[in-house]
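A short worksheet on the structure shown next.
What follows draws every value from the coordinates through simple rules; no lab data is involved. These figures come from a predicted structure and were not determined experimentally. All Cβ positions, glycine included, derive from the backbone under ideal geometry; neighbour counts span all protein chains shown.
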Amino acid sequence: MKFFKKNLNDRRGQLIVESMVAIAVMVTGILGLFVLLSKSLAATKLVSSQYVAVHLASEGVELVKNLLDKNAITRGATGGANSLTPWNQSMGPGTFEMDFNDGALTPIVPGQARFLSFGEQSGHYFYTSNAGGAGIDDGQSLATPSIYKREIAITWLPAASPNSINVVSTVWWSIRGTDYSVALEDVFTDWRP
């Protein structure tokens, strides 16, 4: 009996220690899940912003392509290659901005692109006339400033006789103090007779 009492006295407090260890393991596991969830949400935000930026850069190239197509249609309607409308009209070398509402490129200073605004109802990105970025999208929906800036750089290939133009559409944005950018490039050639 004496042996049994001594054994019980030696084990006193063991339950508390085991409980504390179990709680510490559970807390560590739960905190690990929260860190994983936080990093997953941050990665999701980055991926979604990259998705939008790639499409905005693609839109920049497509806007230039639309202007070239417009020139080609005007050229074809007025007499083919001998027309007064050059294939690359209004496509001088430089840095420009343009959105889906514009009919021409607007020259800007490189690196001085304005923020695009987002039309809540229309779902379009566009430039507003005021510096704050808030405005009306085609008079239909309220616009809010976005995190994206876009500039379209055009160079002639070769520089002396532009048979081709190189278009680089670059979009910049910043998330939590980290700057990101994406650039898409395309070359357009005067292939029409």
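Taking K and R as +1 and D and E as -1, what net charge do the other residues with C-beta under 13 Å from the C-beta of residue 147 add up to?
Local net charge: +4.
Run the paramagnetic zone check for residue 47: 7 angstrom along Cα to Cβ, then residues of the stretch 167-181 with backbone nitrogen under 19 Å.
Hits in the stretch 167-181 for residue 47 at 19 Å: 175-176, 180-181.
Report the label-to-label distance for residue 109 and residue 16 in nanometres (one decimal), using points 7 Å from each Cα along the Cα→Cβ vector.
Rounded to a tenth, the inter-label distance reads 7.1 nm.
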